[in-house]
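Notes follow once the structure below has been shown.
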Amino acid sequence: MAELIAQLRADGIQKRVVQEGRGELPDYQDGTKATFHYRTLLCSLDQRVLDDSRTRDKPMELIIGKKFKLPVWETILCTMKEGELAEFLCDTKHVVLYPTVSKSLRNIAAGKDPLEGQRHCCGIAQMHEHHSLGYPDLDELQQNPQPLIFAIEMLKVEGPGSYRQDPWAMSDEEKMKAVPLIHQEGNELYKQGKVQEAAAKYYDAIACLKNLQMKEQPGSPDWIQLDQQITPLLLNYCQCKLLSEEYYEVLDHCSSILNKYEDNVKAYFKRAKAHAAVWNAAEAQADFAKVLQLDPSLGPVVARELRSLDSRLRQKDDEDKARFKGIFSQ
């Protein structure tokens, strides 16, 4: 271990063990999966935290040898035992790409496309091509690169073949084979009432297909075929978000579907329900009308939704009148 730490120091990385790990140092051969929590801190007096995986739904997973965009993470992880807690101070040369990596990880945590805004170019080119990453703290770091501290807690180390790969680590062929299986897993979880878990599965399947789609020419037959596979998964994801009362995400995703497929009844229906939930009455009524136009057989369902919307609007109106009456009578 002393030799490993000396090698790190020679390469501009300082390691400080906060808590010793268990057992022997794992054999981090290519294909090994490391599951860990991390905090990223600025190397300043206040050590301001940029990212903390514990504030997100799940820990970070990284496959050794898969050429992760931030190679220094592979380097430091390979010095850690299970259960170990350590801090690594990394020179600027190792963390220049951290802003773009952080943006992708934040997008994933927010349920967005992690490849949003990226094109077929390397990370350095992207840094110069885009004025803003959409996060002020990352923009500042991108404009003024500096050393960073990574506080890592190694939760689990799994050897090659002993785990199911994360979608981002799969080959193109593995992704295509995995999509229907992940889709089915999502359906089973949804039937069991495990909405959040189902949404995560649908998201993983969408991520596989999006990753493949970005390699195709937009509008080409292969691109369209992949997009048609993405759409039902995205609608399932939106159904989960409806039940989780994350209405604005439903509005965004359904609108993106309808921009491409103007006759998608399910997208209109889910968007109508989301509009109704956030008191966009006119928009909800317009979408419900479109549902009836496209599929008249849904008349009873739409009528029920419109009655519910009307009832909620009248109740809200009565509450507003009572509240204003109380204000002006004081």
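The values are calculated or read from the model by the stated rules, or taken from the named source; none is laboratory data. Please read these numbers as outputs of a predicted model, since none were measured by experiment. Reconstructed Cβ throughout: ideal geometry from the backbone, glycine too, with neighbour counts over all protein chains shown. For accessibility, only protein heavy atoms count, side chains too; no ligands or nucleic acids. Shrake-Rupley method; radii C 1.70, N 1.55, O 1.52, S 1.80 Å.
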- [ ] Select, from Gly111, Gly117, the only residue that is at pLDDT below 90, open to solvent by 40 Å² or more (accessible area, probe 1.4 Å), part of a loop (DSSP other than H, G, I, E, B) and over 27 Å from Gln14 (Cα atoms).
- [x] Gly117
Task: Where a residue in region 295-324 is in a helix (DSSP H, G or I) and at pLDDT 95 or above and its partner, wherever it lies, is open to solvent by 50 Å² or more (accessible area, probe 1.4 Å) and aliphatic (A, V, I, L, M), with Cβ under 7 Å and at least six apart - done: Leu298/Leu292; Gly299/Leu292; Val302/Leu292
Task: Those residues of region 146-162 which are in a strand (DSSP E or B) and either of a type in the set (A, V, I, L, M, F, W, C) or over 18 Å from Lys58 (Cβ atoms) (or both), in sequence order - done: Leu148, Ile149, Phe150, Ala151, Ile152, Met154, Leu155, Val157
Open item on the list: From the list Leu62, Leu8, exactly one residue is under 17 Å from Glu153 (Cβ atoms), open to solvent by less than 40 Å² (accessible area, probe 1.4 Å) and not acidic (Asp, Glu). Which is it?
Closed with: Leu62
Task: region 13-49: number of residues that are over 21 Å from Leu105 (Cβ atoms), touching a Leu at 6+ places or on another chain (Cβ under 9 Å), surrounded by 15 or more Cβ atoms within 10 Å (Cβ to Cβ) and in contact (Cβ under 8 Å) with a residue 60 or more places away in the chain - done: 4
Task: Of residues in region 170-213 being out of contact with any Leu (no Cβ under 8 Å at 6 or more places or on another chain), of a type in the set (D, E, K, R) and part of a helix (DSSP H, G or I), the one most open to solvent (accessible area, probe 1.4 Å) - done: Lys191
TODO: Name the residue, out of Leu226, Leu233, that is surrounded by 19 or more Cβ atoms within 10 Å (Cβ to Cβ), modelled with pLDDT of 95 or more and either at positive phi or within 17 Å of the chain's Cα centre (by Cα) (or both).
DONE: Leu233
Task: Flag for Tyr248 being loosely packed, with under 12 Cβ neighbours inside 10 Å and closer than 22 Å to Lys194 by Cα - done: yes
Open item on the list: I need the full set of residues from region 262-289 which are touching a residue at least 24 places away in the same chain (Cβ under 8 Å), surrounded by 14 or more Cβ atoms within 10 Å (Cβ to Cβ) and more than 18 Å from Gln239 (Cα to Cα), in order please.
Closed with: Ala281, Gln285
